[in-house]
Amino acid sequence: MAKQGLRVATYVRVSTTGHGQTLRHQERKLSEAAKSNGWRVVATYKDDGVSGSKGRDGRPGFDDLCKAVTRRDFDAVAVVHVDRLGRSLADLVTFLGLLHDKGVAFIALGQGIDTTTATGRFMFGLLSTFAEYERSLIQERVLAGLATARERGVRLGRPPVAQGVKAAILARHAAGEAKRAIARALKVSDGTVRNVVTQAAAAS
């Protein structure tokens, strides 16, 4: 395990289903590991009742952890089990990549992963390889699905903006109204307003 005196941040999460897990149970496991290994726990980040399938924006504790990693507020991040970080292998490796870029180690008690050691770094390399494989499979499935949809005559992409909406956007823009205000008033996206205005300027 990691050397004594290491400044460690812990992350604990229980999902909406829970399966009998509690934050307190995870915190106790991590506290015991810190005590036996001489780590100094400097912060604990929590997400209670949040599914691991949610992204960073849906997990405030995890988001705060990522921000602290960017600031390098500690030397290592420790979890009871890697699945506490999320359900996607690709998302896990993205997070581990952030840790690696910032020089922050990763410790998972359940898997015996510790990237302060050579064995832990080897396991990280394997995870990266598997994540790349997963991304490739997903990309292939998406491309195959798009090809099938085209063969069936399905129109892909965003629906075209109605002519009446375009006219309203251009009229408001010509009157000096801000693009964001136009989008709110007409209940369309900011990007739609920008595209309509840009296309009209290019055609003039």
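Read-outs: derived from the displayed coordinates by stated rules, not from any lab. Note that the structure is a prediction, hence the values are computed from the model and not measured. So basically every Cβ, Gly included, is an ideal-geometry build from the backbone, and we count neighbours across all protein chains shown.
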Inter-label distance for GLU177 and THR119, nm, one decimal - labels placed 7 Å from Cα along Cα-to-Cβ: 6.6
Interatomic Cα distance distribution for the range 7-119, bins of 10 angstrom, percent: 14, 52, 31, 2
For the range 7-119, size of Cβ-based charge dipole, Lys and Arg +1, Asp and Glu -1, in debye: 200
Relative contact order (%) - criterion: Cα under 8 Å, at least six apart; region: the range 7-119: 29
Computed [θ] at 222 nm, helices only, for the chain once each DSSP H run of length n ≥ 4 contributes -39500 (n - 2.57): -17500 deg cm²/dmol
Extension gain from ARG87 to SER36, taking 0.36 nm per residue of separation minus the Cα-Cα distance: 15.5 nm
Percentage relative contact order, the chain, counting C-alpha pairs under 8 Å, at least six apart: 16
Most mobile listed residue (LYS166, LYS102, LYS54) in the chain, GNM with C-alpha springs under 10 Å: LYS166
Net dipole in debye of the chain [+1 Lys, Arg Cβ; -1 Asp, Glu Cβ; about Cα centre; nearest 20]: 580
Rough spin-label spacing in nm, given labels placed 7 Å along Cα→Cβ, for LEU126 and LEU143: 2.9
Cα extents of the chain along the three principal axes, largest first (Å): 71, 42, 34
Residues in the range 107-121 reached by a label modelled at GLN4 [backbone nitrogen below 20 Å; 7 Å Cα→Cβ]: 116-117
Net length gained if the chain between ARG28 and LEU98 were fully extended (0.36 nm per residue, minus Cα distance): 22.6 nm
Fluctuation leader among GLY145, GLY164, GLY112 - the chain, Gaussian network, Cα springs under 10 angstrom: GLY164
For the chain, with +1 on Lys and Arg beta carbons and -1 on Asp and Glu, the positive-most of THR192, LEU143, VAL8 along the dipole: THR192
Cα→Cβ-extended label distance, 7 Å offset, between ALA185 and GLN163, nm: 2.2
Rounded to 5, percent antiparallel among DSSP beta bridges of the chain: 10
